[in-house]
Each structure stands twice: as C-alpha cells, then as structure tokens.
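Structure record follows, encoded as structure tokens.
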Amino acid sequence: MEITIEDIVRETVPGLRIAVVEADVKNSETSDELWALIERAASDVAMVTELADVNKRPAIRATREAYKAFGKEPNRYRPSAEALSRRVVKGMGLYRINTLVDLINLVSLQSGYSIGGFDIDSIDGESLSLGVGLEGEPFEAIGRGQLNIAGLPVYRDSTGGIGTPTSDHERTKLTMETSRLLMCINIYGEEMPVDETLGLVTDLLERFASAQNITVKYLSA
C-alpha cells in the first residue's frame, strides 16, 4: 500500500513520522493471554498517571498540538491514545473486541501513539493519501456515527476518508474476516522509541494473530 503525505500536512506538522505495517493475519476472539497483557498495561498506566496528566504524555501532547495547528479542538475530538489512557486512569477499563483491535489498543496504550488499523481488502485502490478533513466531509466513525473530521488529519482512499487519529471508518474496520492488516502508527512526537514500538507490534502479531509476511516502512513529513 503506497501512502503519500499531502503538502498541507508536511507544511503544518513537519516532524510527523509514520510507521506503516502490513501483514497477513488471522483474526480471532481475544485470548485470555492477550487480555491479561492489556489489563496489565492498563494497570501500569493508571498507577503512574493522574487524569490531568494524560494529555501531557509526550506522544499524546504532540498529537494534540498537531490538532491545534490544523485548527481542531483536541478536547472535543481526543486522539484515540488519549481516550484509551483516560478510560483506564478513570478505572473504566477497555472493551474486549477482537484480537487485532485489542492488540492495536495495547500498543497504543503503552506507546501513546494513535494507530490506524485497516482491513486492506476493504480499501478502495492501491494507495492512500494523508491530508486534512474538510468541512462537511462525510465520515462514519466506528461506533460513533458521523464524525466531524474538518481539521483532523485523515487517510483517504479512492472513495474517501478511512482513518483519523480520533477514529477509523466503519468501511475499512478490522473484523473477524480480516486477513490482510494495515497499521499506520502516527508519530507526531516520540514517546516509546519507534524500533521498540515496532518490535512490540511484530511480537504481538506473530504470537496472537499468526502473522506472516510482515513488512514495515517509514514515512516522514
């Protein structure tokens, strides 16, 4: 999958890096072993983070600053990594969805990065572009209905938007039928070292999703 970064993104957030992971996978119900890792990570975050400090995590803070630079209010449209961290710090816990989704949530919780997870076979075309949402642009967010993506960074395929750091689109979401995975790790500012993050991703995919043909590439604004 080829991904291009539009000029408006390059000019506004020149420090952006994206780690792109593709893999052949087998999705499943989330195992107790994986869920135990998620609960441990949630506990670790909750023990060392006050609610008021969630948005001060380096990766989350940098993503929020990117939102502001694009003209979006991050307190109304929180990056997904921030929303995950806030849930666990408030003692609300996370939803158990499926292996691929929960695996991505685990990495996001530990790293602070908002991560897009897409079913490659549901993407229209062979390429994506990363631009900025427009006023009135339709976007059916997973479990949220229509999301106002104006001012949000957005990945688009030939049909339209498929993912933002706040939410991905229903059309390309990861389901039990997903066999080809695309992950876009959005690094607006580094927290967990990128190589360490990718090592974690690879290990989890191999252990829990029987991943094969894993490929990684880096993009930068």
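Key figures for this structure:
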read-out	value
Any hit, the stretch 2-17, residues being closer than 30 Å to G133 by Cα, of a type in the set (D, E), in contact with an Asp or Glu (Cβ under 8 Å, 6 or more places away or on another chain) and not in a helix (DSSP H, G or I)	yes
Selection count, the stretch 138-156, where residues are closer than 17 Å to I8 by Cα and not in a strand (DSSP E or B)	3
Checking R171 against (1) of a type in the set (D, E, K, R); (2) loosely packed, with under 15 Cβ neighbours inside 10 Å; (3) modelled with pLDDT of 95 or more; (4) farther than 17 Å from V20 by Cα, the condition it does not meet	(2)
Residues satisfying the stated conditions in the stretch 29-72, i.e. open to solvent by 40 Å² or more (accessible area, probe 1.4 Å), closer than 30 Å to D121 by Cβ and not in a helix (DSSP H, G or I)	E29, S31
Qualifying residue in the stretch 96-107 (condition: farther than 20 Å from L130 by Cβ, of a type in the set (S, T, Y) and outside any loop (DSSP other than H, G, I, E, B))	yes
Residue within the stretch 194-205 that is out of contact with any helix residue (DSSP H, G or I) (no Cβ under 6 Å at 6 or more places or on another chain), of a type in the set (D, E, K, R) and farther than 23 Å from E33 by Cβ present	yes
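The values are calculated or read from the model by the stated rules, or taken from the named source; none is laboratory data. Please read all numbers here as calculations on a predicted model, not as lab measurements. So basically every Cβ, Gly included, is an ideal-geometry build from the backbone, and we count neighbours across all protein chains shown. Heavy atoms of the whole protein, side chains included, go into the accessibility calculation; ligands, DNA and RNA do not. Shrake-Rupley method; radii C 1.70, N 1.55, O 1.52, S 1.80 Å.
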